[in-house]
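Every number in this text was worked out from the coordinates using simple rules, so none of it is lab data. Owing to the predicted nature of the structure, the values given are computational and were not obtained by experimental measurement. Because the Cβ atoms are built from the backbone with ideal geometry, glycine has one as well, and the counts that use them run over all protein chains shown.
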Amino acid sequence: MRIAIIGRTQILYETALKLHEAGHQIACIITAKAAPEYTRKENDFKDLARKFNAPFVLTDTLDKPEITKLCSGLDIGVSINWVSVITQQQIDLFRLGILNSHHADLPRFRGNACSNWAIINDEEKITNTIHFMVGGELDCGRVICQEHFHLSKEATITDVYKWAEVATPALYVQALDLIDKDNDFSLKMTGPNGPGSFRCYPRLPEDNFINWELPVAKVHNLIRAVCFPFSGAYTYHRHQGEVKKLIVLKSRIVQAETKDLAVPGHVLENNKVTGESFVRCGDGIIALLKCRYEDQQEEFFPGKTWKSIRMRLGIRVEDWFWGIYKENK
């Protein structure tokens, strides 16, 4: 088939390579400015287009005469993480339409940051769905194929992305094979008002702040949902006389409940052997396995670095303001 590659991310880059290897023609590549966490940037897609001898367009809109000319009459569009909702007029440029990869079991988890929300929500699996787009609708349309990734209690968003980098390109090849044999093939239909349908909204960097008063499972889920390639869950504490922003990279649940009395966020133990630091949450105890400070790239084991249990993670805003007041008085 003659394909337009539309979107961003490492996964789309790998998908283009896989489709080319499967014998499909990459007719053009259309991308937008990469997000900070993306490992493939605009120039990577430009180089890929040069490799395929295909036209390349860097834009934040598909409403351009240039794109209309490039896509008119192509068999199909393949999209991942385009920057806006695609219109029906844009979809109709293609003989068959535009396929999208969505990391959710549609119609559940429509929208943004679905894999992150699924981990935070303590879901048992992530589902990769390949579906035809419907103009003006978010994550709706004819589902062609799906694949599932089991979420253990220790699985992180890093694990999900590693799986997706392999699974998504292969799933796109499978989808095109199914469509090539039967243009009307459908696994199921999904829409915004289907049973169990709901929408996920974008997450902002400040949403990664750790509230130590939450149950230990919720704290652990946040940490594993926003680690690499995202900015990471964070807290503040006093370190060597300074207030430092601490990024927590990895954790595990030690106890779901405890009768020990401590204020949430208090460091209960620093284990020099395992490198873990135990911290009190709202109902139980979590172990911090790996951390780093925001102004440093070096990762460290807190249990081997911190020496005291007279320390607490999380700084009260009132105390912070009082300290600033005294400094400037």
Semi-axes in Å, largest first, for segment 2-200 (Cα gyration tensor, √(5λ)) are 25, 19, 16
With a Förster distance of 25 angstrom and the Cβ-Cβ distance between Arg316 and Lys259, calculated FRET efficiency to the nearest 0.05 equals 0.50
Summing -39500 (n - 2.57) over the DSSP H runs of n ≥ 4 in the chain and dividing by its residue number, what mean residue ellipticity at 222 nm do you reach, to the nearest 500 deg cm²/dmol? -8500 deg cm²/dmol
Kindly point out which whole DSSP H helices in the chain project their C-alpha atoms 27 angstrom or further along the helix axis while averaging a Kyte-Doolittle hydropathy of -0.5 or above. 157-181
Longest span of the chain, sites excluded, free of GluC sites (Glu not before Pro) in DSSP loop with at most 16 other C-beta atoms within 10 Å? 38-123
Would you mind calculating the gained length between Thr87 and Lys51 on full extension (0.36 nm times residue separation, minus the Cα-Cα distance), in nm to one decimal? 10.0 nm
Mind checking which aspartates and glutamates have their Cα closer than 13 Å to the Cα of Lys153? Skip sequence neighbours fewer than 8 apart in that chain. Asp122, Glu123, Glu124
Taking the alpha carbon gyration tensor of segment 199-329, what are the square roots of 5 times its eigenvalues, largest first, to the nearest whole Å? 21, 19, 16
Any idea what % of Cα-Cα pairs in segment 276-329 are farther than 13 Å? 71 percent
Can you give me the distance in nm between label points at Ser231 and Ile309, each placed 7 Å from the Cα along the Cα-to-Cβ direction? 3.4 nm
Relative to 2.2 N^0.38 Å, what does the C-alpha radius of gyration of segment 1-110 come to as a ratio? Two decimals please. 1.00
log10 I(q)/I(0), Debye, Cα-only segment 145-209, no solvent, q = 0.16, 0.22 Å⁻¹? -0.88, -1.13
List the lysines whose Cα lies under 23 Å from the Cα of Lys329, skipping any in the same chain that are fewer than 8 positions away. Lys244
Using only the Cα atoms of segment 69-181, what semi-axes does the equivalent ellipsoid have when each is the square root of 5 times a gyration tensor eigenvalue? Give whole Å, largest first. 27, 15, 11
Once you put a point 7 Å from the Cα of Met189 and another 7 Å from the Cα of Thr158, both along the Cβ direction, what distance in nm separates them? 4.3 nm
Given R₀ = 41 Å, FRET efficiency for Leu17-Asp207 by Cβ-Cβ distance, to 0.05? 0.80
